[in-house]
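Contents: one structure, followed by commentary.
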Amino acid sequence: MAREEGFLQRIAGRPDVRGGRVPVSLHTRIAWVRSQWTAIVQISLGAAIAWVIAHTVIGHEQPFFAPVAAILVIFAGAGGRRQNTIELFFGVSVGVLIGEGLILVIGRGWWQIGVIVALAAMAATFLGMRGLARTQAATSASLLAAIVPVTSGNPAVVRFVDAVVGGLVGLAMALLIPGNPARRANRDMQVVLGSLDEALRQIETALRLGDAGPAWTALQQLRAAQPAITGLETTVANADEIARYSPLRWGQRGHVERYVIAIRDVDNAIRDTRVLARRVHTMLRRGERAFPGIPEAVGLLQLSVGVFADDIAAEDAYDEARRQLIDAAKLATRALPDAATINDAAVVAQVRAIASDLLYATGWTVAQVDRAMGSAQ
């Protein structure tokens, strides 16, 4: 229900400060279509090709499930892992086979639909299918029992072959006409990096003003960014599979690999920034003042994040970011007063930890980061 409401809200528009709706612009709606252009091409070609193979090549009179299976595998599996897409293919095929097999025995009717759906779901569960794959098995079986007429020949075999043809065409479309994996990974990475950039900006403001409020805001923003981080992990894993298995995207394997390597370090930087925000909030809330140099150090961290704004694989821009990160660690360490409090020391430690995380994200090895951090004493 929540997902459905979210979809309706996006269609209706976003809420304004008065609780009304701001209409979505034509430009935004066109952007929605463009973002799904690859999937639209996949399903249109997939449905047509599946019908031609089942009808013209194999000779089935009503290959209803060939285009349906192709569309289900492509659209329901869009953005999913290769394993999930394959499971969807088997889910549709199993549902069709069980549905038609049972219809031959018990016929069609209201109670037959219940029995067929139950047995299809049980079979899918027994075979280890989950989520959408199990749903598609039950849906395919119920569709057959409800509206699909019996064809000439053996209906169970005919429909099963149609589903297999459609599913294989759907899998082929996913491999032969894939989306741009690097673009998808970069799009989701920028959302996460934008949250990190804004949080560091808020923390710097808190330190400069001696106000705990912005640090608390930063902490809440980073906590709210967790779904985006989880989504990024899925997107990068999907992009990696596309780059490895789709011939058209083999040239992007090295590009996508940079995201695979960087995601763990960016996630660590987010976690360490949450700790920094909490420490700064505690320090300022208790009346402690930031010592000179630490706001500037956090500012350097924030500037370095901006280097990733275009593409995290643009390694030619990393030299400046690395210099800023090392300078941030150096400035924070050397500014630590002799009579430092526990919070002072913790803030410096977190600045150094974030700098290390982001240096790893630029592709540096453990030895290189250790040398850089050693020079920043």
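Every read-out reported here was derived from the displayed coordinates using simple, explicitly stated rules and does not represent laboratory data. What you see is a predicted model; the values in this text were computed from it and never measured. When we count neighbours, we look across all protein chains shown, and the Cβ atoms used for this are built from the backbone with ideal geometry, even at glycine.
Expected output is a single nm value to one decimal: the length gained when fully extending between GLN36 and ALA146, i.e. 0.36 nm times separation in residues minus the C-alpha distance. What is it?
Additional length available on full extension: 36.5 nm.
Please report the spacing between the Cα centers of region 93-119 and region 156-185 in Å, no decimals.
After rounding, the separation between the Cα centres reads 25 Å.
So between VAL157 and GLU320, what do we pick up on full extension, going 0.36 nm a residue minus the alpha carbon distance?
Taking 0.36 nm per residue and subtracting the Cα distance, the gain is 52.3 nm.
Using the number of other C-beta atoms within 10 angstrom as an exposure proxy, rank THR56, THR235 with the fewest first.
In increasing order of surrounding Cβ atoms, one gets THR56, THR235.
Report the charge-dipole magnitude of region 178-308 in Debye, nearest 20, computed about the Cα centre from +1 at each Lys and Arg Cβ and -1 at each Asp and Glu Cβ.
Approximately 120 debye in magnitude.
What list do you get for PHE65, PHE89 if you sort them by fewest beta carbons within 10 Å?
Ordered from fewest to most neighbouring Cβ atoms within 10 Å, PHE65, PHE89 come out as PHE89, PHE65.
At LEU248 and TRP111, where each label point lies 7 Å from the Cα along Cα→Cβ, what is the point-to-point distance in nanometres?
It works out to 5.1 nm between the two label points.
Go ahead and collect, in residue order, the members of region 252-290 whose backbone nitrogen is under 19 Å from a label point 7 Å along the Cα-Cβ direction of LEU336.
272-284, 288-290
Measure out, as a whole number of angstrom, how far apart the alpha-carbon centroids of region 212-244 and region 38-79 sit.
Centre-to-centre (Cα) distance: 35 Å.
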